[in-house]
Amino acid sequence: MSDIHLASSIEGPAGAPVIILANPIGTSRAIWDAQARVLRDQHRLLRFELRGHGAPGAQSDAPPGPYSIADLGADVLGLIREYGVTSAAYCGISLGGMIGLWLAARAPERISSLVVCCTAITPMPSRQAWLDRAELVRSSGMAAISEMIPPRWFTPEFIAREPAAVAFVMDMLKHTDPAGYAGCGAAIAGLDLAPELRAITAPTLVIAGAEDQAAPPWQGAVTAAGVPDARLMVIRGTSHLAPYQTPGPVTAAILAHLAASNR
């Protein structure tokens, strides 16, 4: 059982079904704001910050790393117990989706349905690239990676058209604790979720961005093929942070999946 304190919040009608919304590395729970405005009317939303992530003054603990996906999954199980949640739907982006796959395989009684967005099951582009990035932020801080991130997370058109929206996310990255980012980066470097996929019984939707370089659609196809009865949806004109860049199609897909899972 994890004893790590995660900054978190829960909102929505008492007694409504719970949805856990999990973030990518280097972002905060605000990445889900567009979905939250729609989902919170009929669902109870549990949002949290990864280790070392969150707004200044409201960050989760960042113990010395490296971390593993199992460590981060145990953090979420501790949060579920803290809030008295028996089971919940789970939606995760990138690292948040990796944690969701691990949870659905290792604690199936806790995950009633699963949506993974822009998620890889092996380190992309490579294990060494993530180890190098973790070392870079440990030695030089978050500013050292600030220029390399936008082209990995957004399409060029979005970067040119929506500079304020990109700046909002880059501010999340800037305020991430380097120790927490590096520890989470090491968890991605050690990623190998392929053996876990066959154990997942929750109804699963895999969403990929057609222009995602960080977790290309072929990774989504491999994931969907490995999870029994999973469905794959590829959304055009979007990249790694698809729920943020193209919230309409992603939110609609989540709602449709939840409705189908509850029939």
Neighbours of Ala107 by Cβ distance under 12 Å: Lys/Arg at +1, Asp/Glu at -1, summed charge +1
Once phi for every residue in segment 100-114 is put through the Karplus expression 6.51 cos²θ - 1.76 cosθ + 1.60 (θ = phi - 60°), the whole-Hz ³J(HN,Hα) values, with Gly and Pro written as x, are x, 4, 4, 4, 5, 7, 9, 9, x, 5, 8, 10, 7, 7, 9
For Rg and Dmax of the Cα atoms in Å the list reads [x] 18.4, 60; [y] 16.6, 51; [z] 18.2, 55; the calculated value is entry [y]
Subtracting the Cα-Cα distance of Asp229 and Arg37 from 0.36 nm times their residue separation yields 66.2 nm
Taking a crude spin-label model, label points 7 Å out from Cα along the C-beta direction, the Trp218 to Tyr83 distance in nm is 3.7 nm
With a ≥ b ≥ c from the Cα gyration tensor eigenvalues, square-rooted, and the rule rounded for a/c under 1.5, otherwise prolate when a/b > b/c and oblate otherwise, segment 88-148 is prolate
Sorted by chain and then number, the residues having a modelled amide H within less than 5 Å of the amide H of Met233, at least 5 places away or on another chain, are Val206, Ile207, Ala208
Expressed as a percent, the accessible surface of segment 62-104 that is carbon or sulfur, using a 1.4 Å probe and the full set of protein chains, is 55 percent
For the chain, the per residue accessible area (1.4 Å probe, Å²) is 40 Å²
For Ile20, other-chain or 5+-apart residues with amide H closer than 5 Å (H placed, Pro excluded) are Leu46, Ala89, Tyr90, Cys91
Calc'd 3J(HN,Hα), segment 70-82, phi into Karplus 6.51 cos²θ - 1.76 cosθ + 1.60 (θ = phi - 60°), Hz, glycine/Pro = x, comes to 4, 4, 5, x, 5, 4, 5, 4, x, 5, 4, 5, 4
Under a Gaussian network model of the chain whose springs join Cα atoms within less than 10 Å, the largest fluctuation of Leu101, Leu50, Leu197 belongs to Leu197
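The values are calculated or read from the model by the stated rules, or taken from the named source; none is laboratory data. From a predicted model like this one, the values you see are computed outputs, not experimental measurements. Ideal geometry is used to build each Cβ from the backbone, glycine not excepted, and the neighbour counts take in all protein chains shown. Ligands, DNA and RNA are excluded from the accessible area calculation, which covers all protein heavy atoms including side chains. Shrake-Rupley method; radii C 1.70, N 1.55, O 1.52, S 1.80 Å.
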